[in-house]
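One structure is given below, encoded as structure tokens.
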Ligand SMILES: Cc1ncc(COP(=O)(O)O)c(C=O)c1O
């Protein structure tokens, strides 16, 4: 199987981790030798309730027995998608009440960028340096990391970059700007939180010049930062909210949410302003609905902040220079990329899954399922500290 994996399945790096998965349950993934791996990554923030959560599995099975794909997005009334959009609206501040469901995070970003252009009649998009918003052409155009995109140019015109958390740069947002797109907490850059009311200031500047604020919550969203949406921590409501990853509970999804008035623009001039075959797929929407219900009805969000404190208490070592992030979106910063690589690879050998961040080579990603237990946190952190002790 490993040789077929390398031979037939397209690869994205020369050295994939290549663990052969047999099954997964709770906070553990098992390989085909039945070795258990404690999962501190959660499919890169995409399985907030861990693996094989019984409520997600039964929601999926129930929908499987009724119908799969029946029609392109937006034509028929399909209960799981309607209920999901309604539950999102119930949990969002006004005017974020209307959701468009798509298939992935990057597609939701594309939809949000299109909506900002359509709503303002302007073309300029402002993004942040070191931002990551996905890998299709539009999303890649607003990625603030030239090295990873220069081979794919030309990309979208009229994209400008500002430094995240830099107030002076907000002057680059002008009456020419259609939209400002930011991650609520920068992910690939190294889990950088907005500071000193930064997002409130961005909001104010957007209002001054009539630009739309798009917040990408594909990673911090759905409970990971202790609130259902990361922006609730920073007193700033976007015009367009973008979700993905964890919303699907392990199934592929993306979504963008805005006011009814804004979203109505996608119906007209041109009509079919954004279309998709599979967006709102009933099985995926059923999985997302079960996930969102569980997160909003349990105390997992409050626990995320307590678990953050436990991580911070345990992750103390001379080779840990910083622990960045919020809730269960944490990054250990080591002194060098070499040490980070050693820790990630040796932890995998010892049965603990860690991972890298895209643009910060000294960072070690810790984004476990929200359902992880204190005992599992203690077990995983002791593996990390043991390995650091041997370096
Ligand atoms: C902040 C952010 N935006 C967008 C994306 C793209 O989402 P997807 O990989 O589902 O297209 C990601 C994925 O890592 C992300 O972390």
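The values are calculated or read from the model by the stated rules, or taken from the named source; none is laboratory data. Bear in mind that the values here come from a model prediction, so they are computed numbers and not experimental data. Backbone-built Cβ (ideal geometry, glycine too); neighbour counts: all protein chains shown.
Could you say which residue among 267, 309 is without any contact (Cβ under 8 Å) to a residue 40 or more places away in the chain and under 29 Å from residue 67 (Cβ atoms)?
Values: 309 fails: under 29 Å from residue 67 (Cβ atoms).
So the residue among 267, 309 that is without any contact (Cβ under 8 Å) to a residue 40 or more places away in the chain and under 29 Å from residue 67 (Cβ atoms) is 267.
Of all residues in segment 153-166, those being exposed (fewer than 15 other Cβ atoms within 10 Å of the Cβ) and either closer than 20 Å to residue 204 by Cβ or free of Cβ contacts under 8 Å to residues at least 24 places away in the same chain (or both) number 4.
Criterion first (out of contact with any strand residue (DSSP E or B) (no Cβ under 9 Å at 6 or more places or on another chain), modelled with pLDDT of 95 or more and within 16 Å of the ligand (Cβ to nearest atom)) does residue 223 satisfy it?
Working: out of contact with any strand residue (DSSP E or B) (no Cβ under 9 Å at 6 or more places or on another chain): yes; modelled with pLDDT of 95 or more: yes; within 16 Å of the ligand (Cβ to nearest atom): yes.
Here the answer is yes, as residue 223 does meet what is asked.
Can you find a residue in segment 171-189 that is surrounded by fewer than 20 Cβ atoms within 10 Å (Cβ to Cβ) and touching a strand residue (DSSP E or B) at 6+ places or on another chain (Cβ under 7 Å)? Can you show your working first?
Residues of segment 171-189 that are surrounded by fewer than 20 Cβ atoms within 10 Å (Cβ to Cβ), as a first pass: 171-172, 174-176.
Now drop any that are not touching a strand residue (DSSP E or B) at 6+ places or on another chain (Cβ under 7 Å), which leaves 172, 176.
There is at least one residue in segment 171-189 that is surrounded by fewer than 20 Cβ atoms within 10 Å (Cβ to Cβ) and touching a strand residue (DSSP E or B) at 6+ places or on another chain (Cβ under 7 Å).
Sort out which residues of segment 363-391 are within 21 Å of residue 220 (Cα to Cα) and free of Cβ contacts under 8 Å to residues at least 40 places away in the same chain, and write them in order of number. 364 - this is the single residue of segment 363-391 that is within 21 Å of residue 220 (Cα to Cα) and free of Cβ contacts under 8 Å to residues at least 40 places away in the same chain.
What helices (runs of 4 or more DSSP H) completely inside segment 44-134 contain at least 2 residues that are buried (at least 18 other Cβ atoms within 10 Å of the Cβ), at pLDDT 95 or above and under 17 Å from the mean Cα position of the chain (by Cα)? Fully inside segment 44-134 and qualifying: 105-120.
Looking at segment 281-349, the helices (runs of 4 or more DSSP H) lying wholly inside it that each contain 1 or more residues that are farther than 28 Å from residue 105 by Cα sit at 300-314, 337-349. Screening residue 154 on (1) over 15 Å from residue 126 (Cα atoms); (2) within 14 Å of the ligand (Cβ to nearest atom) shows it passes everything except condition (2).
Results for (1) over 27 Å from residue 132 (Cα atoms); (2) touching a helix residue (DSSP H, G or I) at 6+ places or on another chain (Cβ under 9 Å); (3) touching a residue at least 24 places away in the same chain (Cβ under 8 Å), shown as yes or no for each residue.
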residue	(1), (2), (3)
15	no, no, no
50	no, yes, yes
66	yes, yes, yes
69	yes, yes, yes
75	yes, no, no
92	no, no, yes
115	no, yes, yes
